[in-house]
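J.: What follows is a single structure, and I will ask about it in a moment.
Computed from the coordinates by the stated procedures, all read-outs in this text should not be read as laboratory data. Just so it is clear, the model here is predicted, and its values are computed rather than measured. Backbone-built Cβ (ideal geometry, glycine too); neighbour counts: all protein chains shown.
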Amino acid sequence: MSSTTADPDAPDAPDSQAPKRPVQQVGDRVFVNLARGAGILILLVLAGVAVFLVAEAAPAFVAPASELPEGRSLAAYIAPLVFGTVLSAAIALVVATPLAVAVALFISHFAPPRVAQTLGYLVDLLAAVPSLIYGLWGASVLGPASVPLSTWLYDWFGWLPFFAGPVSATGRTMLVAGLVLAVMILPIITAVTREVFVQTPRGQIEAALALGATRWEVVKTTVLPFGLSGYISGAMLGLGRALGETIALLIILRGTQQAFGWSLFDAGYTFASKIAAAASEFNDQYKAGAYIAAGLVLFILTFIVNSLARAAVAGRSKS
């Protein structure tokens, strides 16, 4: 039986064990190209929408104030809409976000499995309720029911600009609009947050429990930090829905006083509800241009909000 020994002076043989670059299959190439095409298509659609809004709003930029809605300049017309839109969305976000996080935590880490599953279905069903139903509920039920609360807030905190009077007798105010929006965006934030909380590494939870942490301490030290980017993303998705909501706010705020100040007891309009309410004036070139200019501002506002949310999530992921 013979044995061979490698010659140390011989040239190195090709390494047969070196990793080879995998050959990309036809299906993989098709999928990659389709995904790339879908991304490019989204960019083209966004660019097309922006170009359309700018082109159609151009007449309103040079039109005299007398030709524009309510006989005001374009800036004076859009400014209250910006404030009304941001205020109603901010109310919704302040009310819905902590409630959504609490519901998501209960479903994912505290409730028994059957209760968690049932409650999860019920919360998800809230997203399927049409905006029309929310608007009717807000105008006919929540509005009148909010009058005693508004009166109490005015009596005790009326010296603050946000609670200045007079109190609306119908309750169809920006406060009610914000609360209705909070109910509408609650299932969106809850669903996203719940899915992120469920993905918390089991090893981290078990390690915290092994060190003697209580259930709340586990949530505070592992689940909430892990899910921060998730509920920021969910909150921004809900905010995007709140900024663009139309029918519900149109039903609640239409027919009320249009003058809007700092008080939550005032009425007013948001971008979407004002544009929908003025659909009969779209035949006028200048007035239609003013409404489209308002839509352009809403488009930019939504884009900025989503960009800030992406930046916040990306920064959190890197840290």
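J.: Convert each backbone phi in the range 228-244 into a coupling constant with the Karplus relation 6.51 cos²θ - 1.76 cosθ + 1.60 (shift: θ = phi - 60°), then list the ³J(HN,Hα) values in order as whole Hz, x for Gly and Pro.
T.: Going residue by residue, I get 4, 4, x, 7, 5, 4, x, 5, 6, 5, x, 5, x, 5, 5, 5, x Hz, with x marking Gly and Pro.
J.: At a threshold of 8 angstrom on Cα-Cα distance, excluding pairs fewer than six apart, so keeping six or more, what relative contact order does the chain reach in percent?
T.: Relative contact order comes out at 27 percent.
J.: For ALA111 and ALA38, FRET efficiency with R0 = 45 Å and r from the beta-carbon atoms, rounded to 0.05?
T.: After rounding, the FRET efficiency stands at 0.75.
J.: I've got another one for you. Based on the alpha-carbon gyration tensor of the chain, what equivalent-ellipsoid semi-axes (square roots of 5 times the eigenvalues) come out, in whole Å, largest first?
T.: 50, 32, 16
J.: I would also like to ask the following. When ranked by the protection proxy of mean other Cβ atoms within 10 Å per residue, highest first, what sequence do the peptides 27-40, 269-282 form?
T.: 269-282, 27-40
J.: For n ≥ 4 DSSP H runs only, could you compute -39500 (n - 2.57) per run for the chain, divide by its residues and tell me the 222 nm figure to the nearest 500?
T.: -22000 deg cm²/dmol
J.: Then there is this: Quick one: TRP159, TRP216, fewest Cβ neighbours within 10 Å first, how do they rank?
T.: TRP159, TRP216
J.: Using each residue's phi in the range 270-277, evaluate 6.51 cos²θ - 1.76 cosθ + 1.60 at θ = phi - 60° and report the 3J(HN,Hα) Karplus result to the nearest Hz, with x for Gly and Pro.
T.: Karplus-based 3J(HN,Hα) across the range 270-277 equals 9, 3, 5, 5, 5, 5, 5, 5 Hz.
J.: Then there's this: Within 10 Å of each residue's Cβ, count the other Cβ atoms and sort ILE189, ILE247 from fewest upward.
T.: Fewest-to-most ranking of ILE189, ILE247: ILE247, ILE189.
J.: Once phi is turned into θ = phi - 60°, what whole-Hz ³J(HN,Hα) does the Karplus curve with 6.51, -1.76 and 1.60 give for every residue of the range 132-145, x standing for Gly and Pro?
T.: Running phi through 6.51 cos²θ - 1.76 cosθ + 1.60 with θ = phi - 60° gives 4, 5, 4, x, 5, 5, x, 6, 9, 10, 5, x, x, 5 Hz.
J.: Between PHE282 and LEU160, how high is the FRET efficiency from 1/(1 + (r/R0)^6) when r is the Cβ-Cβ distance and R₀ = 51 Å? Nearest 0.05.
T.: With a Förster radius of 51 Å, E is 0.85.
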